[in-house]
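Novice: Input: one structure, supplied below.
The values are calculated or read from the model by the stated rules, or taken from the named source; none is laboratory data. Here the structure is a predicted model, which is why all the values come from computation and not from measurement. Cβ placement follows ideal geometry from the backbone for every residue including glycine, while neighbour counts extend to all protein chains displayed. SASA here: full protein model, heavy atoms, side chains in, ligands and nucleic acids out. Shrake-Rupley method; radii C 1.70, N 1.55, O 1.52, S 1.80 Å.
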Amino acid sequence: MANGDLCSVVKRGRVHLITLTGAGEHRLNPTLLSAIRSAVAAVRASPGAGALVLAAQGKFFCNGYDLAWARAGASPADRIAAMRAALRGLVADLLALPVPTVAAVTGHAAAAGCGLALAHDAVVMRASRGFLYMGEVDARIKIVDFFGELIRQKVPDAVARRDLVMKGEKMTAAEAVRRGIVDKAVDGGVGDVVDAAVAMAEGLAARGWNGETVAEIRKAAWPDLWRKVKDHGGEAPARPRL
């Protein structure tokens, strides 16, 4: 399976690997978010899906919202709202997905890109390069309700959450593991991180869990987050409409 020039989907054993392609920053605009959501929908529809891994090529896992795209329009506020709505939908898709999910943070994961990584069940991060960075406080961008809830649920330690969100600290993989934000730091390059994430996902798939049960437990585990996103899920349109 493939999704144009923005992301690809390949099957490795029971694991479907979605990769954000290219050497760019993988900034989230409606076009990229639609491509990712379509890839997630394809995994959901696949009878052989046992787990999902999201990874990226290049230096960046995801460098947040595409603010240059937003500022290029006649109404930047409307474009920012469109990006937020699309990300809200993607988070809903991931929460409702009937398979375990693992983010392979192969490079920098900043702002909305950090939130995208944390929306998965588990996070594997490259030890030698990249950081988690919530740069909204530096960029003067407000954090909206569902995104704030995502950070509250996935960064339960109050001090770590303060340092990440209010101080805008750039956390390495080792620090993120120490603080309980990331599950595993992996030495080596992008391929090593992806391999480790796929191995983790394969181990989860091997448990043979019922998909509906997985999705319902996930929703119940983070009920406040699910309430804020549940009406925005479902398969994304082929092209974003603004």
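Residue-wise test of (1) closer than 21 Å to Val10 by Cα; (2) open to solvent by 10 Å² or more (accessible area, probe 1.4 Å); (3) acidic (Asp, Glu); (4) in contact (Cβ under 8 Å) with a residue 60 or more places away in the chain.
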site	(1), (2), (3), (4)
Phe61	yes, no, no, yes
Ala104	yes, no, no, yes
Leu132	no, no, no, no
Val137	no, yes, no, no
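Novice: If the Cβ limit is 7 Å and pairs must be 6+ apart or interchain, which residue in the range 193-222 that is within 25 Å of Val10 (Cβ to Cβ) pairs with which residue that is part of a helix (DSSP H, G or I)?
Specialist: From the range 193-222, the pairs are Ala215/Ala96; Arg218/Leu95.
Novice: Which condition number does Ala110 fail, the rest of (1) out of contact with any helix residue (DSSP H, G or I) (no Cβ under 9 Å at 6 or more places or on another chain); (2) of a type outside the set (Ser, Thr, Tyr); (3) over 26 Å from Gly188 (Cβ atoms) being met?
Specialist: Answer for Ala110: the failing condition is (3).
Novice: Within the range 13-56, which residues are under 13 Å from Thr101 (Cα atoms) and either touching a helix residue (DSSP H, G or I) at 6+ places or on another chain (Cβ under 6 Å) or open to solvent by 30 Å² or more (accessible area, probe 1.4 Å) (or both)? Spell out the reasoning first.
Specialist: Step one: filter the range 13-56 for residues under 13 Å from Thr101 (Cα atoms), giving 14-18, 40, 43-44, 49-55.
Once the filter is applied, which keeps residues that are under 13 Å from Thr101 (Cα atoms) and either touching a helix residue (DSSP H, G or I) at 6+ places or on another chain (Cβ under 6 Å) or open to solvent by 30 Å² or more (accessible area, probe 1.4 Å) (or both), the range 13-56 yields Arg14, Val15, His16, Ile18, Val40, Arg44, Ala49, Gly50, Ala51, Leu52, Val53, Ala55.
Novice: Of all the residues that make up the range 205-220, how many are in a helix (DSSP H, G or I) and within 20 Å of Ala92 (Cα to Cα)? Break it down into steps so the answer makes sense when it comes.
Specialist: Step one: list which residues in the range 205-220 are in a helix (DSSP H, G or I), which gives 205, 211-220.
Those left that are additionally within 20 Å of Ala92 (Cα to Cα): 211-220.
Number satisfying all stated conditions: 10.
Novice: Can we say Ala110 is closer than 24 Å to Tyr133 by Cα and in contact (Cβ under 8 Å) with a residue 40 or more places away in the chain?
Specialist: Values: closer than 24 Å to Tyr133 by Cα: yes; in contact (Cβ under 8 Å) with a residue 40 or more places away in the chain: yes.
Yes.
Novice: Quick one: in the range 106-121, of everything that is in contact with a strand residue (DSSP E or B) (Cβ under 6 Å, 6 or more places away or on another chain) and open to solvent by 10 Å² or more (accessible area, probe 1.4 Å), which residue is nearest to His26 (Cα to Cα)?
Specialist: At the first step, the residues of the range 106-121 found to be in contact with a strand residue (DSSP E or B) (Cβ under 6 Å, 6 or more places away or on another chain) are 106-110, 112-114, 116-117, 120-121.
Narrowing further to those that are open to solvent by 10 Å² or more (accessible area, probe 1.4 Å): 108, 121.
Numbers: His108: 10, Asp121: 21 Å.
Among those that are in contact with a strand residue (DSSP E or B) (Cβ under 6 Å, 6 or more places away or on another chain) and open to solvent by 10 Å² or more (accessible area, probe 1.4 Å), it is His108.
Novice: Could you please find all residues in the range 21-60 being in contact with a His (Cβ under 6 Å, 6 or more places away or on another chain) and over 20 Å from Leu95 (Cα atoms)? Break it down into steps so the answer makes sense when it comes.
Specialist: Initially, the range 21-60 is screened for residues in contact with a His (Cβ under 6 Å, 6 or more places away or on another chain), giving 43, 49, 52, 56, 60.
If the condition is that a residue be in contact with a His (Cβ under 6 Å, 6 or more places away or on another chain) and over 20 Å from Leu95 (Cα atoms), then Ala56, Phe60 are the ones that fit.
Novice: Here's another thing I want to ask about it. Could you tell me which numbered condition Asp231 fails, if it satisfies all but one of (1) part of a helix (DSSP H, G or I); (2) at pLDDT 95 or above?
Specialist: Asp231 satisfies every listed condition except (2).
Novice: From (1) more than 23 Å from Ala110 (Cα to Cα); (2) crowded, with 17+ Cβ neighbours inside 10 Å; (3) of a type outside the set (Ser, Thr, Tyr), pick out the condition that doesn't hold for Arg161.
Specialist: Going through (1) more than 23 Å from Ala110 (Cα to Cα); (2) crowded, with 17+ Cβ neighbours inside 10 Å; (3) of a type outside the set (Ser, Thr, Tyr) one by one, Arg161 breaks only (1).
Novice: Please go through the range 209-218 and pick out each residue that is out of contact with any Leu (no Cβ under 6 Å at 6 or more places or on another chain) and open to solvent by less than 60 Å² (accessible area, probe 1.4 Å). Even if it seems obvious, please write down each step before you answer.
Specialist: Step one: list which residues in the range 209-218 are out of contact with any Leu (no Cβ under 6 Å at 6 or more places or on another chain), which gives 209-217.
Passing the criteria: Gly211, Val214, Ala215.
Novice: Hey, can you tell me all the residues within the range 141-152 that are in a helix (DSSP H, G or I) and either aromatic (Phe, Trp, Tyr) or modelled with pLDDT under 95 (or both)?
Specialist: As a first pass, look at the range 141-152 and keep what is in a helix (DSSP H, G or I): 145-152.
Of everything in the range 141-152, those that are in a helix (DSSP H, G or I) and either aromatic (Phe, Trp, Tyr) or modelled with pLDDT under 95 (or both) turn out to be Phe146, Phe147.
Novice: Residues in the range 76-97: is at least one open to solvent by 30 Å² or more (accessible area, probe 1.4 Å), touching a His at 6+ places or on another chain (Cβ under 9 Å) and in contact (Cβ under 8 Å) with a residue 12 or more places away in the chain?
Specialist: We begin by selecting, within the range 76-97, every residue open to solvent by 30 Å² or more (accessible area, probe 1.4 Å); these are 76-81, 84-85, 88.
Then keep just the ones that are touching a His at 6+ places or on another chain (Cβ under 9 Å); that gives 85, 88.
With in contact (Cβ under 8 Å) with a residue 12 or more places away in the chain added as a condition, the list becomes 85, 88.
Checking the range 76-97: at least one residue is open to solvent by 30 Å² or more (accessible area, probe 1.4 Å), touching a His at 6+ places or on another chain (Cβ under 9 Å) and in contact (Cβ under 8 Å) with a residue 12 or more places away in the chain.
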